[in-house]
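The values are calculated or read from the model by the stated rules, or taken from the named source; none is laboratory data. It should be emphasised that the depicted structure is a prediction, and the values quoted were computed from it without experimental measurement. Counting neighbours? That spans all protein chains shown, and the Cβs are built from the backbone with ideal geometry, glycine included.
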Amino acid sequence: MAYRTYLMVCAGTGCVANQSMKIKDKLESEIRKRGLQDEVSVVTTGCNGFCAVGPLMVVQPDGIFYQLLKETDIPFLVEEHFVKGRLVKELLYTPPREKAPIPKMSDIPFFADQTLIVLRNRGLINPENIDEYIARGGYQALAKVLTLMTPDQVIQEIKASGLRGRGGGGFPTGIKWETCKNVPSDTHYVICNADEGDPGAFMDRSTIESDPHAVIEGMLIGAYAIGSREGYVYIRNEYPIALERLQVAIKQAREYGLLGQKIFNKDFDFEIRIVRGAGAFVCGESTALMASIEGRPGEPRAKYVHTVERGLWDKPTCLNNVETWANVPQIIEKGAGWFSSIGTGDVTSDAWGGSKGTKVFSLAGKVNNTGLIEVPMGITLRKIIFDIGGGIKDGKKFKAVQTGGPSGGFIPESLLDLPVDYEELTKVGSMMGSGGMVVADENNCMVDMAKYFLAFTQAESCGKCVPCREGTKRMLDILEKITVGKGTEEDLVLLEELSNMVVESSLCALGGSAPNPVLTTLKYFREEYEAHVKDKHCPGHSCRELIQYIIDPELCLGKGHGCHVCAKNCPDGAIVGETKQVHTIDVMKCGKCGICYDVCKFDAIHIE
């Protein structure tokens, strides 16, 4: 049935957590109440990307973008927009520091500056309806390779595109496929790594939630290219929505004859099984992941045994992450030349040249427009953070951005014009990683942030090798010592030496990259370390043992105004003063929780 209007309601994890499914139900109820059910259809989509303003809805085909919706908004919205034909301005998006709302999604800077390949279907289809994926060109690339291309031609097309693994390593995808295919064996495996464990990262989860069939189609093409009949998706159990939509998509593909035997009536059989991960960060590493699938502890092995030769159950195995697989159908459909025209550098004969295509990032931290974005390789950090991201929250000053997840490095303001690609990020001590991007402002302590991310990787270490198990623990001990004001200049020297040792001698990439947050903060923000060590002062006012809350008597308007808010809210009873009198803080009782700072109406409380 054709409708004149479609209400595309975001049903990604973030919006669902903010009751978007109740909003969907309310929309359907109000539309029926007004007799519009034959004209207006409500469609649930995957993640739309703009997580900061969810729950959200896009009215198609006009592209009107409504945001921060509540159930109570819906009756008025339906009456105004669909009965009276008037936009509800207060529910439209208004950029920070501007007054005029922007009605159309395509005009909003967050969306306007993106280039969509992996996320091309986001917000446009119901991810649980295979027909909608097919209507958008889905499975045409699979049909093309099975009817018109040999496996070697497929591999050459992927090599020529310059596609590199989006899971963090950046290894040329075509070379991996070719190497795996050429290993003599009666069995080859294909694996999709959906075990995304980085703090602040949600690229793979959202991709599967929005477009699971793109991942399945990519795996099918890869399986045909390397001669595989069996594949696995390793997905963490903490992703219930993505898991459910993937299960639905696999079932639908099987019903349509796109999985199973004699696909497209060709001599090609392929089946996909799902394996749920238990939340171990180290299982994002390929060999640990394969060990987990086999039912063994998720521990990495030495890299001199390549998984493309001896991987899952000692058979040649081709593993790529969600984003890599989702790129494949578009490359086959539109051609290697189209894909390689996007990005930086040149594609060499061995496919190592440049950073081609786009990259999906989860933009998080102290930035106005948090969410999921897809941008061309080579875009600058400044454009991502200040144009797409809308700048720093509350008008604060930018300090740093961490790329590459907990194992990535911190990049300072002086490098904001750095092009984002594999080579440039590596040059400055960071990495592309799987695509996490966390922004820090002037109130973030870089020593404390380095400690936070190192604590994560240290806790997630499998413990198999000594450098990672013991080295990261000793590094963390030093950082904790520095943040409580007990650090010495000798500690800084030792911290740097330990970091380099762990990088050089760890068994796998978890340990080898774990020191990156420490090394980059030491390189670009050494003055903050020295302030902690020499002055026993935290410039970011984050390390509780090194700060003190002070009430300015000139600004404290408790006298004569009856304000007693800080004292009422102090959990430690540390604020002294009668009602209508100037208050003071007993530093011996103060637990430095910061509640008084947050509740003071007169900006009388300062941090020193």
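Please state which of the following conditions residue 94 fails to meet, knowing it meets all the rest: (1) touching a helix residue (DSSP H, G or I) at 6+ places or on another chain (Cβ under 9 Å); (2) free of Cβ contacts under 8 Å to residues at least 40 places away in the same chain.
(1)
Every residue in region 53-74 that is at pLDDT 95 or above and closer than 17 Å to residue 373 by Cβ, please.
Listed by number, the residues that qualify are 53, 56, 58, 65, 67.
Among the candidates 27, 7, 68, which residue alone is buried (at least 20 other Cβ atoms within 10 Å of the Cβ) and under 30 Å from residue 387 (Cβ atoms)?
Going through 27, 7, 68 in turn, just one is buried (at least 20 other Cβ atoms within 10 Å of the Cβ) and under 30 Å from residue 387 (Cβ atoms): 7.
Listed residues 550, 585; which is in contact with a Phe, Trp or Tyr (Cβ under 6 Å, 6 or more places away or on another chain), in contact (Cβ under 8 Å) with a residue 12 or more places away in the chain and either among the acidic types (Asp, Glu) or more than 30 Å from residue 167 (Cα to Cα) (or both)?
Sole residue among the options that is in contact with a Phe, Trp or Tyr (Cβ under 6 Å, 6 or more places away or on another chain), in contact (Cβ under 8 Å) with a residue 12 or more places away in the chain and either among the acidic types (Asp, Glu) or more than 30 Å from residue 167 (Cα to Cα) (or both): 585.
Quick check: anything in region 118-130 more than 25 Å from residue 62 (Cβ to Cβ), surrounded by 15 or more Cβ atoms within 10 Å (Cβ to Cβ) and either among the small types (Gly, Ala, Ser) or touching a His at 6+ places or on another chain (Cβ under 8 Å) (or both)?
yes
When only residues in region 389-404 that are within 22 Å of residue 517 (Cβ to Cβ) and not in a loop (DSSP other than H, G, I, E, B) count, which is nearest to the chain's Cα centre (by Cα)?
403
Can you tell me which residues in region 145-172 are over 30 Å from residue 407 (Cβ atoms), part of a loop (DSSP other than H, G, I, E, B) and not hydrophobic (A, V, I, L, M, F, W, C)?
150
Tally time: how many residues in region 405-423 are out of contact with any helix residue (DSSP H, G or I) (no Cβ under 7 Å at 6 or more places or on another chain) and part of a loop (DSSP other than H, G, I, E, B)?
Total satisfying the criteria: 1.
Just the residues that are touching a Pro at 6+ places or on another chain (Cβ under 6 Å) and either without any contact (Cβ under 8 Å) to a residue 40 or more places away in the chain or assigned to a loop (DSSP other than H, G, I, E, B) (or both), please, taken from region 278-300.
Hit for region 278-300 is 285, nothing else.
For region 486-515, which residues satisfy the criterion of being among the polar types (S, T, N, Q) and surrounded by 14 or more Cβ atoms within 10 Å (Cβ to Cβ)?
The answer is 499, 505, 506, 513.
Give the number of residues within region 205-235 that are surrounded by 24 or more Cβ atoms within 10 Å (Cβ to Cβ) and either part of a loop (DSSP other than H, G, I, E, B) or of a type in the set (S, T, N, Q) (or both).
Adding up the residues that qualify gives 5.
Would you be able to tell me the number of residues in region 369-388 that are in a strand (DSSP E or B) and either of a type in the set (A, V, I, L, M) or surrounded by fewer than 17 Cβ atoms within 10 Å (Cβ to Cβ) (or both)?
3
Any residue in region 128-145 that's under 15 Å from residue 333 (Cα atoms): show its pairings with residues that are among the β-branched types (Val, Ile, Thr) and not in a helix (DSSP H, G or I) at Cβ separation under 8 Å, as long as the two are six or more apart or on different chains.
133/125; 135/125; 136/125
If I ask for residues that are modelled with pLDDT of 95 or more and in a strand (DSSP E or B), which ones from region 236-267 would you list?
Matches in region 236-267: 260 only.
Which residue is nearest to the chain's Cα centre (by Cα), if the candidates are limited to region 442-476 and must be farther than 30 Å from residue 392 by Cα and in contact (Cβ under 8 Å) with a residue 60 or more places away in the chain?
This residue is 460.
Please find, within region 299-327, the residue that is modelled with the lowest pLDDT out of those that are surrounded by fewer than 22 Cβ atoms within 10 Å (Cβ to Cβ) and touching a helix residue (DSSP H, G or I) at 6+ places or on another chain (Cβ under 9 Å).
Step by step, filter region 299-327, then rank; the result is 303.
Please note which helices (runs of 4 or more DSSP H) are completely contained in region 1-110 and include at least 2 residues that are over 22 Å from the mean Cα position of the chain (by Cα).
Hits in region 1-110: 20-33, 74-77.
Does residue 242 fit the bill of being crowded, with 21+ Cβ neighbours inside 10 Å, in contact (Cβ under 8 Å) with a residue 24 or more places away in the chain, under 16 Å from residue 193 (Cα atoms) and in contact with a Lys or Arg (Cβ under 9 Å, 6 or more places away or on another chain)?
Yes; evaluated as a whole, the condition is true for this residue.
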